[in-house]
Structure formats: structure tokens, C-alpha cells
Amino acid sequence: SQTIHQWPATLVQPVGSPLSLECTVEGTSNPNLYWYRQAAGRGLQLLFYSVGIGQISSEVPQNLSASRPQDRQFILSSKKLLLSDSGFYLCAWSPSTDTQYFGPGTRLTVL
Amino acid sequence: AQKITQTQPGMFVQEKEAVTLDCTYDTSDPSYGLFWYKQPSSGEMIFLIYQGSYDQQNATEGRYSLNFQKARKSANLVISASQLGDSAMYFCAMRVLLSNDYKLSFGAGTTVTVRA
């Protein structure tokens with residue numbers, strides 16, 4: 001069966017520091033991958049998606065970037081964090097148009 | 001533009017009773033999909049149920065059913081026989097096409113609290 005992992009689970013970082021969040025999927029090959037962000041008490045907003053290795057599309061211009069160095073690995077990065085980058089970051093993968101399955105998420109607090 | 005609206009910020013339901021969560025959507029695409037997810041306090045988004053716009057019958061998954069009324073553009077979630085473990089936030093979402101993929105566009109969510 002397929003599983004999706006994210007780490008770290010929680011992160012507290014100072015403003016201006018770099019960021020690297022990792023997402024990996026097991027049990028499938030060539031998945032479509034997604035990074036969403038959820039502000040407190042709100043719905044999710046798509047940040048980036050990828051349909052293959054090295055293929056990254058951005059939905060919202062921002063302080064973040066994404067990379068897909070391997071088939072089942074998706075990384076969210078920033079060179080310098082802002083206060084507004086705080087939130088809950090969720091990675092998802094899709095086997096079809098019928099659903100997206102989400103990872104456990106990373107809760108990021110920027111101080 | 002595609003939009004999902006959930007008008008109920010929070011609801012209380014007695015254990016073993018049914019609860020209906022409202023969701024309306026707006027889209028000009030002839031083909032679309034509607035989803036419901038559950039988010040407990042742990043934060044994980046759990047997929048519950050999916051309804052395609054061309055599906056003739058309402059989707060059901062165990063105690064979850066989706067009341068799909070296409071003409072009214074509504075896709076309400078019905079949870080039957082509520083359990084304490086159903087207490088969570090529930091999100092309605094719609095599939096929105098991208099240039100080479102699709103994304104989920106989410107509503108603001110409804111918090112459900114099940115009382116013993």
C-alpha cells in the first residue's frame with residue numbers, strides 16, 4: 001500500500017533563516033505531488049505541484065520554492081523565512097483525478 | 001472562477017444522530033469533482049468521499065453519504081450515526097483543472113463537535 005511521509009512534524013524558526021521541508025511517497029511510482037499551506041482555521045491553498053522529476057509549477061508567487069530531485073521526493077524550501085510563512089504545510093500525492101492523499105503535515109512557526 | 005462555500009462555521013450533534021454539512025460550489029466547467037475531507041485535531045487531512053459531476057448516483061462510503069444536487073450546485077455531506085470520533089473539522093473541496101494537472105480548491109471548513 002502507498003504511504004506518504006513528511007518531516008519534520010513541527011518546526012520553530014527565526015525570521016530570515018532557511019527552510020527545508022521534505023515529503024516522500026512509498027508504494028507507487030511517478031505520482032503527481034503537491035504542496036499545500038493551511039493558515040490557522042482556514043482551508044488549504046495550493047503552493048506547488050509536480051507531475052515528474054524536475055517539473056515544478058507554482059500556483060502562488062511567494063517566498064518559497066520547491067524541488068523534486070527524485071521520483072517520490074518533494075522538497076519545499078526558502079532561503080529567508082518571513083513571519084507570514086507560518087502555517088501548516090501539507091504534502092499530497094494523487095493516483096488519479098478522483099482523490100489526493102495527504103501526509104501528516106508540518107507545523108511551521110516563524111518567530 | 002471556481003469557488004467552494006461552506007456557510008456553517010461550527011455544529012454540535014448528539015452521539016448516534018445524523019448531521020448534514022452544507023457545501024455549495026460555483027464552476028463553469030462541464031466536468032468537475034467534489035470531495036470531502038476530515039481534519040481531526042492532529043491535522044492530518046483524511047479523504048472521506050468523492051462525487052463526479054457525471055455520476056448518476058450519490059456517493060456513499062460507510063456512514064458517509066454525499067447529497068449531490070447538481071441543479072442547486074450543492075454537495076452536502078451526511079454523517080449518519082455520529083460517533084465521538086467524528087469530532088473534527090470537515091472540508092468540502094472541488095477539483096480545479098490546471099494547465100497539466102489539477103488542484104483541490106477548499107472551502108473554509110465546518111467544525112463538528114459530537115456530544116455524548
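The values are calculated or read from the model by the stated rules, or taken from the named source; none is laboratory data. Note that this is a predicted model, so its numbers are computed, not measured. Counting neighbours? That spans all protein chains shown, and the Cβs are built from the backbone with ideal geometry, glycine included.
Here are some notes:
- Residue-level check: of (1) within 9 Å of chain A (Cβ to nearest Cβ); (2) over 19 Å from residue A:95 (Cβ atoms), residue B:110 misses just (1).
- Residue match in the stretch B:88-98 (condition: within 11 Å of another protein chain (Cβ to nearest Cβ) and in contact with a Cys (Cβ under 7 Å, 6 or more places away or on another chain)): yes
- Residue count for the stretch B:69-87, restricted to those that are touching a Cys at 6+ places or on another chain (Cβ under 6 Å) and hydroxyl-bearing (Ser, Thr, Tyr): 0
- Whichever residue in the stretch B:1-48 is hydrophobic (A, V, I, L, M, F, W, C), within 12 Å of another protein chain (Cβ to nearest Cβ) and closer than 11 Å to residue B:75 by Cβ and, among such residues, is nearest to the chain's Cα centre (by Cα): B:36
- Just one of the listed residues (A:105, A:27) is at pLDDT 95 or above, in contact with a Ser or Thr (Cβ under 9 Å, 6 or more places away or on another chain) and at positive phi, namely A:105.
- Listed by first and then second residue, the pairs with beta-carbon distance under 6 Å, at least 6 apart or on different chains, first residue in the stretch A:73-100 and farther than 14 Å from residue A:14 by Cβ, second surrounded by fewer than 20 Cβ atoms within 10 Å (Cβ to Cβ) and hydrophobic (A, V, I, L, M, F, W, C), are A:87/A:39; A:99/B:47.
- Considering residues of the stretch A:55-85 that are within 14 Å of chain B (Cβ to nearest Cβ) and in a loop (DSSP other than H, G, I, E, B) only, the residue surrounded by the most Cβ atoms within 10 Å (Cβ to Cβ): A:59
- Residue check, residue A:45 more than 13 Å from chain B (Cβ to nearest Cβ) and either out of contact with any helix residue (DSSP H, G or I) (no Cβ under 7 Å at 6 or more places or on another chain) or on the phi < 0 side of the Ramachandran plot (or both): no
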